[in-house]
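Notes for the one structure printed next.
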Amino acid sequence: MHRLQKRRYTESALRQIPWSRVNSNDVSGHAERLAPPDRAINTWPTTPRRPGFGMKTSLDRPRLERRPLPRTVRVLAPVIGLSNFGDGLAITALMLEFHDRHGGGAAMAALFMALSVPGVLLAGLAGRVADRVAVRRVVVLAGVVLVLVCATMAYVTSIVLILSLLSVLAGIMALVMPTMAKAVTDASPGDLLSRGQARMSMMGSLGFLLGPAAGGVLMETVGLRPILLMDAASFAALPLAALLLPRGGEDPAGTSSAGPGGAPSASGLLPGLRAIAAHPALLRTVGLGIVLTVGLQAVNVVEIFFVRDDLGGGAGIFGLLTMVWSAGQIVGAWLAGDFLMERNPVPTAFFTTFTVAVVTLSTVVISDIPPFFVLLLLGGLALGGFNVARQTLLARSVDPAGRGSAFAAHTALLNTATTVALLVGGVVSVFVAPRTVYGIVGMVTLVSVLVAGTRHRTFRDRPAPEGGGHGRADARSGEGEDDADDGAHRDDVDQRLQAPRQGT
């Protein structure tokens, strides 16, 4: 108690010092003069303990000034949202069209394969394009081609031709997305990085939230062709957005794609995979993302049967549940963007994955619709936070010269996981009850996050080699982050005591 009173009195005394007129060497003298005569207070300890319950002070880590997001983020985020809205329209309309034509499960499987396989096959090219071509050129050329292909698809009636053109659209988008992700990352320095990733995730989730709902309504009123033309119009936003992107520093061929010796760095799928594997914390986080993708896609296959057959919900209830899930992702991404401005994203990724696992397991025991709404909201919040944490960690860990390849390789991994999950989920749903699928997915996810968390802690507690230690670069990649945060906190306190304040 005496130590606590002594600390509080010292902090109160330090707050009374006229900092604008004090030399940094006089801090200890002021503290000595302001101290009571019966208590000896020398100088502020060089390594103060982090305040615990009831000990939070104004000398804690200061809040960063909320700066506006860069123009690149403010331009590309709405483009992503509008593009996802058009994709949601088109995919929903095509699913309903194939169903009306009695295409069966094979047509549905082919539809989703056409959306995911091109991203895997073109990952190497996408990485090289993202690292070596300016974003303005990619956005303009891809936007024009996307408009033409989608408009052509509106006037095609054969399912085979529609799927072929759809695969072309997916391939072009696989080239565009890593380039846009790299542009957003390069334009968002420091504390703006997590907020930029959050803005992109929010707008993308918002597009997928509104698109399928509007597609179902429009399919009953206007039909397939006008919907596909609307999708083509949404792609027209890409070349228009290029006019608003900043012109300076847009050619990465001579800057961000150059390695340490000035020569262009290696780009493509394998360099991107090596860049991810070089950071153990990033590798574990990406692995958790793959587990989540496979599990949630398998759940999506059986969710309609779970809601309609087990819980007795109608089509309207199923649509509301989907909207709640997407709305949770939007809110979760927004919260994570502010929370991770100066924090390590690895614990957030682990915690949100654990939350999704618990939510999925809890679904097994519910028997009514209202609890399912609550669980989906919590799961959506956790998944939105995980997506931002993963993208923030990826952007912080990988060198700028290889970010495009890393983003493309990461997208290829997710597309591969989606393809496998759809194939496995379709087969499993024939033999396994929906509740059992939820239980299996929840248990596998829970075991994965526990194993990843244990290995992360074991690696972090491993002694550092002689002659070196974990610096800030290691902390930003997720290794030794807790110790780095403590050191940054102590250094921040020391600097605020040793340097005069500006103003006042």
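The values are calculated or read from the model by the stated rules, or taken from the named source; none is laboratory data. Predicted model, so just to flag it, every value in this text is computed and none were measured. For neighbour counting, all protein chains shown are included, and Cβ atoms are generated from backbone atoms with ideal geometry for every residue, glycine included. Accessible surface is based on the protein model in full, side chains and every heavy atom, while ligands, DNA and RNA are left aside. Shrake-Rupley method; radii C 1.70, N 1.55, O 1.52, S 1.80 Å.
Could you grab me the full set of residues in segment 153-181 that are among the small types (Gly, Ala, Ser) and part of a helix (DSSP H, G or I)?
Start the filter on segment 153-181 by keeping residues that are among the small types (Gly, Ala, Ser), which leaves 154, 158, 164, 167, 170-171, 174, 181.
Across segment 153-181, the qualifying residues are 154, 164, 167, 170, 171, 174, 181.
Output the number of the condition that residue 125 fails; it satisfies all remaining conditions of (1) within 23 Å of the chain's Cα centre (by Cα); (2) at pLDDT below 85; (3) surrounded by fewer than 20 Cβ atoms within 10 Å (Cβ to Cβ); (4) of a type outside the set (Lys, Arg).
Of (1) within 23 Å of the chain's Cα centre (by Cα); (2) at pLDDT below 85; (3) surrounded by fewer than 20 Cβ atoms within 10 Å (Cβ to Cβ); (4) of a type outside the set (Lys, Arg), only one is false for residue 125: (2).
Output the residues belonging to segment 313-323 that are touching a residue at least 24 places away in the same chain (Cβ under 8 Å), part of a loop (DSSP other than H, G, I, E, B) and surrounded by fewer than 18 Cβ atoms within 10 Å (Cβ to Cβ).
Within segment 313-323, no residue meets the criteria.
What's the number of the condition residue 190 fails, among (1) open to solvent by less than 20 Å² (accessible area, probe 1.4 Å); (2) over 30 Å from residue 97 (Cα atoms)?
If we test residue 190 against (1) open to solvent by less than 20 Å² (accessible area, probe 1.4 Å); (2) over 30 Å from residue 97 (Cα atoms), just (1) comes out false.
For residue 307, all conditions in the list (1) out of contact with any helix residue (DSSP H, G or I) (no Cβ under 8 Å at 6 or more places or on another chain); (2) in a helix (DSSP H, G or I) hold save one; what is the number of the exception?
(1)
How many residues does segment 374-400 hold that are open to solvent by 50 Å² or more (accessible area, probe 1.4 Å) and part of a helix (DSSP H, G or I)? Lay out the reasoning, then the answer.
Here is the first cut: in segment 374-400, the residues open to solvent by 50 Å² or more (accessible area, probe 1.4 Å) are 374, 377-378, 381, 399-400.
Next, from what is left, pick out any that are part of a helix (DSSP H, G or I): 374, 377-378, 381, 400.
Residues in segment 374-400 being open to solvent by 50 Å² or more (accessible area, probe 1.4 Å) and part of a helix (DSSP H, G or I): 5 in total.
May I ask you to list the residues in segment 265-312 that are of a type in the set (A, V, I, L, M), under 21 Å from the mean Cα position of the chain (by Cα), open to solvent by 30 Å² or more (accessible area, probe 1.4 Å) and farther than 30 Å from residue 368 by Cβ?
Correct list: 269, 273, 277, 278, 283, 290.
Just to be sure before I move on: is residue 179 of a type in the set (Val, Ile, Thr) and surrounded by 24 or more Cβ atoms within 10 Å (Cβ to Cβ) in the structure I sent? Lay out the reasoning, then the answer.
Details: of a type in the set (Val, Ile, Thr): yes; surrounded by 24 or more Cβ atoms within 10 Å (Cβ to Cβ): yes.
It is true that residue 179 is of a type in the set (Val, Ile, Thr) and surrounded by 24 or more Cβ atoms within 10 Å (Cβ to Cβ).
Consider segment 340-356. How many of its residues are assigned to a helix (DSSP H, G or I) and in contact with a helix residue (DSSP H, G or I) (Cβ under 7 Å, 6 or more places away or on another chain)? Talk me through it step by step, then tell me what you get.
If we filter segment 340-356 for residues that are assigned to a helix (DSSP H, G or I), which is where we start, we get 345-356.
Filter once more, so that each one left must be in contact with a helix residue (DSSP H, G or I) (Cβ under 7 Å, 6 or more places away or on another chain): 345-346, 348-350, 352-356.
Total meeting the criteria: 10.
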